[in-house]
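The values are calculated or read from the model by the stated rules, or taken from the named source; none is laboratory data. The model shown is predicted, which means the values in this text are computed figures rather than measured ones. A quick note on method: Cβ atoms are made from the backbone with ideal geometry, for glycine too, and the neighbour counts reach across all protein chains shown.
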Amino acid sequence: MASVFRRVKKMPMPEGARVVERKGERLAEWRDANGKRRTAPLSKDGSGIRVESATYTVQFMDEHGHAQRVATRCRDHAAAEQLGRELEKRAMQRREGLLDPAQERFAKAARAPIAEHAAAHVEHLRAAGNTAKHVQTVERHLRAIFAAAGIERLPELKSAAVLSAISAMRNPAPVEGERKEKQTASLATCSGHLRSVKGFSRWLRKQRLTPEDALLDLGLFNSETDRRHIRREMSAEEVRWLLDVTGQRTIREHGAPGPTRAMCYRLAAATGFRANELRSLTTDSFDLDAIPPTCTVEAGYSKRRKRDVQPLPDALVEPLRAWLAGFDPGERVFTGIAGDGHMREAGGSSERCPRKCPHAAGSGGLRVAL
């Protein structure tokens with residue numbers, strides 16, 4: 001039969017306490033912050049006091065014959081005893097094969113807040129070696145979907161609820177008192193949120209926290225029908241203009257001299273490396289004497305988590321050699337480059353900014369410009 005008891009914890013002797021003896025038991029007596037008189041039994045060594053927990057703990061034998069202790073959170077002894085009997089009954093049913101462990105596991109997961117499962121999923125992504133940016137994006141997407149759909153427990157994670165949240169992103173309700181309407185989310189943004197929450201649902205199934213993938217039927221949107229930023233290859237004239245204007249302008253907010261930013265643009269156009277990949281480059285990343293000359297991004301900094309080696313055009317080798325001579329061996333060469341928002345302001349024209357006119361490494365226009 002399950003036993004019910006209060007846990008006893010040793011605490012330091014209260015300030016100003018005096019030791020008294022009553023009915024053969026040594027007690028500490030003191031007054032609390034409200035002036036109320038308190039007493040508690042002394043510990044065995046007499047250096048502190050023994051304090052019982054406010055709630056009861058149950059000890060019972062599980063289906064394997066091992067003693068288990070469970071905090072009941074019950075202040076009532078009878079209620080704690082009833083819980084103990086229920087735990088013993090479940091242990092007996094498991095022992096006899098009358099309870100399905102999988103169903104118990106699903107029920108336990110369903111009782112926990114969905115935020116706890118989301119945090120575990122995010123930690124799993126981080127431990128699996130995903131980039132910090134990807135992990136942060138998934139975490140942000142999950143929070144947004146759960147908040148918009150009012151999802152607090154796993155049983156509430158359903159396709160209809162997720163689509164309702166996506167619909168709210170596509171058609172945001174006007175906020176009273178705000179003059180400016182909220183911008184509607186693009187289909188690409190909605191697909192990004194769907195991709196994150198569907199990945200979470202698959203992870204729940206793989207971890208055996210749910211009996212099935214609740215969002216298996218959801219598909220992504222066709223973002224080609226709702227393109228907000230039309231991207232194209234920069235012409236040779238635009239590349240020359242960008243490099244010329246950038247090289248002549250040094251603005252504090254950009255975080256680096258104009259010539260450094262111009263070299264960053266030239267290297268981006270020649271290799272196709274992304275902004276954070278370029279920021280990881282050191283003098284050791286370049287092998288200008290190889291055939292062909294190369295630039296390397298290590299796997300830890302590559303978006304695809306693999307070592308990337310890109311050939312460099314001959315026209316860029318000598319300018320790079322002269323530019324790299326100003327750095328110490330192993331020194332990073334683009335550490336001062338500011339974020340993309342500042343970099344797009346380099347030329348002062350949104351029509352020619354690098355975001356809307358991305359590189360196409362090795363294309364004809366860029367080969368001419370570089």
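Quick grid of which residues meet (1) within 17 Å of residue 3 (Cβ to Cβ); (2) in the same structural domain as residue 41 (by TED's automatic domain parsing); (3) at pLDDT below 95; (4) surrounded by 12 or more Cβ atoms within 10 Å (Cβ to Cβ):
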position: 54; (1), (2), (3), (4): no, yes, yes, no
position: 64; (1), (2), (3), (4): no, yes, yes, no
position: 67; (1), (2), (3), (4): yes, yes, yes, no
position: 81; (1), (2), (3), (4): yes, yes, yes, yes
position: 91; (1), (2), (3), (4): yes, yes, yes, yes
position: 95; (1), (2), (3), (4): no, yes, yes, yes
Item to complete: Would you check if residue 297 is in contact with a helix residue (DSSP H, G or I) (Cβ under 8 Å, 6 or more places away or on another chain), among the β-branched types (Val, Ile, Thr) and either touching a residue at least 24 places away in the same chain (Cβ under 8 Å) or in the same structural domain as residue 330 (by TED's automatic domain parsing) (or both)?
Response: yes
Fill in: Filtered residues of region 304-331 (kept if touching a helix residue (DSSP H, G or I) at 6+ places or on another chain (Cβ under 7 Å) and exposed (fewer than 15 other Cβ atoms within 10 Å of the Cβ))
327, 329, 330, 331
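Residue-by-condition table, conditions (1) at pLDDT 90 or above; (2) part of a loop (DSSP other than H, G, I, E, B); (3) under 17 Å from residue 242 (Cα atoms); (4) among the hydroxyl-bearing types (Ser, Thr, Tyr):
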position: 304; (1), (2), (3), (4): no, yes, no, no
position: 322; (1), (2), (3), (4): yes, no, no, no
position: 328; (1), (2), (3), (4): yes, yes, no, no
position: 337; (1), (2), (3), (4): no, yes, yes, no
position: 341; (1), (2), (3), (4): no, no, yes, no
position: 354; (1), (2), (3), (4): no, yes, yes, no
position: 365; (1), (2), (3), (4): no, no, yes, no
Worksheet item: When you look at residue 52, is it over 30 Å from residue 211 (Cβ atoms), of a type in the set (D, E, K, R) and in a strand (DSSP E or B), yes or no?
Response: yes
Worksheet item: Could you count how many residues in region 160-170 are under 21 Å from residue 106 (Cβ atoms) and surrounded by 15 or more Cβ atoms within 10 Å (Cβ to Cβ)?
Response: 2
Discussion item. Among the residues in region 199-207, are any in a loop (DSSP other than H, G, I, E, B) and modelled with pLDDT of 90 or more?
Written reply: yes
Worksheet item: When residue 346 is evaluated against the numbered criteria (1) at pLDDT below 90; (2) under 27 Å from residue 125 (Cβ atoms), which criterion, by number, is the only one it fails?
Response: (2)
Worksheet entry | Qualifying positions in region 110-134 - assigned to a helix (DSSP H, G or I) and over 18 Å from residue 206 (Cβ atoms) | 111, 115, 132, 133, 134
Worksheet item: What are the pairs, 6+ residues apart or on separate chains, where a residue within region 31-46 that is in contact (Cβ under 8 Å) with a residue 12 or more places away in the chain has its Cβ under 7 Å from a residue that is acidic (Asp, Glu)?
Response: 38/32; 39/29; 41/25
Worksheet entry | Of the criteria (1) touching a residue at least 24 places away in the same chain (Cβ under 8 Å); (2) among the hydrophobic types (A, V, I, L, M, F, W, C); (3) within 27 Å of residue 153 (Cα to Cα), which one residue 79 fails | (1)
Worksheet item: What do you reckon, is residue 85 among the charged types (D, E, K, R), in contact with an Asp or Glu (Cβ under 9 Å, 6 or more places away or on another chain) and under 27 Å from residue 3 (Cα atoms)?
Response: no
Worksheet item: For region 84-109, which residues satisfy the criterion of being more than 24 Å from residue 55 (Cβ to Cβ) and either part of a helix (DSSP H, G or I) or within 26 Å of the chain's Cα centre (by Cα) (or both)?
Response: 92, 93, 94, 95, 101, 102, 103, 105, 106, 109
Discussion item. Out of the residues in region 179-225 meeting the condition of being of a type in the set (Ser, Thr, Tyr) and surrounded by 12 or more Cβ atoms within 10 Å (Cβ to Cβ), tell me which one is farthest from residue 121 (Cα to Cα).
Written reply: 184
Worksheet item: Exactly one of (1) at pLDDT 95 or above; (2) in a helix (DSSP H, G or I); (3) of a type in the set (A, V, I, L, M, F, W, C) is unmet by residue 215. Its number?
Response: (2)
Worksheet item: From the residues in region 270-287 that are outside any helix (DSSP H, G or I) and closer than 16 Å to residue 331 by Cβ, which one is modelled with the lowest pLDDT?
Response: 280
Practice prompt. Taking residue 248 as the residue in question, decide whether it is within 30 Å of residue 100 (Cβ to Cβ) and surrounded by fewer than 15 Cβ atoms within 10 Å (Cβ to Cβ).
Written response: no
